[in-house]
Amino acid sequence: LLALTIEKFAYRPLRKQPKLNVLITAIGVSLFLQYVAQIIFGADPKVFPTLINDQLLFEVGGVPIKSFDVTILGVSVTAMFGLHFLVYHTKLGQAMRAVSHSPAVASILGINVSRTIAFTFVAGSSLAGIGSILVGIKYQKIEPMMGTMIGLKAFVAAVLGGIGSIAGAVIGGLVLGVSEVLVVVYGSSQYRDALAFGILIFILLFKPAGIFGKNTIEKV
């Protein structure tokens, strides 16, 4: 419901405006939600309810595998396959891809552009909700600003893998996550966040389209 409201009142009026306007609006909406949450719930961190008990299941090469890890991996993989099936194997997903390619042509072909975009917002917000619960399960601490750095790193992962590619976003996230762990293990945790933006700068300089992205030529 929140996603539908945001799409209708914040994004739909800007549909024919330059993309920079939409980007600025996205930042504004994000800040609005964060600070409204602070007013309602307070700025202090809260304890996330214990949904499952974290216990040791087995070890692989001396590395403990716990129930939290298996749950997060299982839910994430299920969500990713579900999104892939939705986008590439359903009529609604075909409409989403058509609108992404050309809203005007999609409208001529009988696709309800507004409804398709609204559903895309719902799907994206649902995935964000799943992710937030998984973060709460793992770290058991939540606060209104918890999504700021996560959102920025998600953007870096999407750019790294290639904007518009589901597989690219998955690979980008894995590369970024493994790189951060290696930096913490062999370096310092202080450089973990800096690594994400270092990767972003590197990708924008040498391969702007990302790993799975394709360079396109636009006629002006």
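The values are calculated or read from the model by the stated rules, or taken from the named source; none is laboratory data. Because the structure is predicted, anything quoted here is derived from the model rather than measured. Cβ atoms come from the backbone with ideal geometry, glycine included; neighbour counts cover every protein chain shown. The protein model used for the area step is the full one, side chains on, heavy atoms only, and it has no ligands, DNA or RNA in it. Shrake-Rupley method; radii C 1.70, N 1.55, O 1.52, S 1.80 Å.
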Shape box of segment 121-167 [Cα atoms, principal axes, largest first, Å]: 31, 21, 17
Rounded accessible area per residue of the chain, 1.4 Å, Å²: 69 Å²
Reachable aspartates and glutamates from Lys138, criterion Cα separation under 15 angstrom, eight or more residues apart if same chain: Asp54, Asp69
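Which length gain, in nm to one decimal place, applies between Gln34 and Ile150 when the Cα-Cα distance is subtracted from 0.36 nm times their residue separation? Mind dumping the intermediate values first?
Details: separation 116, 0.36 × 116 = 41.76 nm, distance 1.35 nm.
The Gln34-Ile150 span can extend by a further 40.4 nm.
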Tyr88 accessible area, 1.4 Å probe, all protein chains in place, Å² to nearest 10: 90 Å²
Asn21 versus Phe48: modelled label distance in nm, points set 7 Å from Cα along the beta carbon direction: 3.7 nm
Among Ile166, Ala154, Leu134 - extreme Cα towards positive end, dipole of segment 133-220, charges at beta-carbon: Ile166
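For segment 68-190, what D do you get in µm² per second when you plug the Kirkwood radius from alpha-carbon pairs into Stokes-Einstein at 20 °C and 1.002 mPa s? Please list the in-between numbers first.
Values: Rh = 16.3 Å.
Taking Rh from Cα pairs, D becomes 131 µm²/s.
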Cα centroid of segment 1-51 to Cα centroid of segment 149-208, whole Å: 23 Å
Accessible surface, 1.4 Å probe, highest first, among residues Thr116, Thr5: Thr5, Thr116
Rough spin-label spacing in nm, given labels placed 7 Å along Cα→Cβ, for His101 and Arg115: 2.1 nm
Distance (nanometres) between label positions extended 7 Å along Cα→Cβ at Ser125 and Glu143: 2.6 nm
Residue with peak Gaussian network fluctuation, the chain [Cα springs, cutoff 10 Å], from Ile137, Ile166, Ile24: Ile24
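Given the -39500 (n - 2.57) contribution per DSSP H run of 4+ residues, what per-residue ellipticity at 222 nm results for the chain, rounded to the nearest 500 deg cm²/dmol? Write down the numbers at each step before the final one.
Details: 9 runs with 146 residues, N = 220.
Calculated at 222 nm, the ellipticity per residue is -22000 deg cm²/dmol.
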Heavy atoms of Asp54 accessible to a 1.4 Å probe, total area in Å² rounded to 10: 70 Å²
Listed residue pairs exceeding 30 Å between alpha carbons, taken from Lys46/Lys153; Lys16/Lys153; Lys8/Lys66; Lys66/Lys91; Lys19/Lys46; Lys8/Lys141: Lys8/Lys66; Lys66/Lys91; Lys19/Lys46; Lys8/Lys141
Heavy atoms of His89: accessible area, 1.4 Å probe, square angstrom to 10: 120 Å²
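Apply 1/(1 + (r/R0)^6) to the Cβ-Cβ distance of Arg12 and Phe197, taking R0 = 30 Å, and write down the FRET efficiency to the nearest 0.05.
0.45
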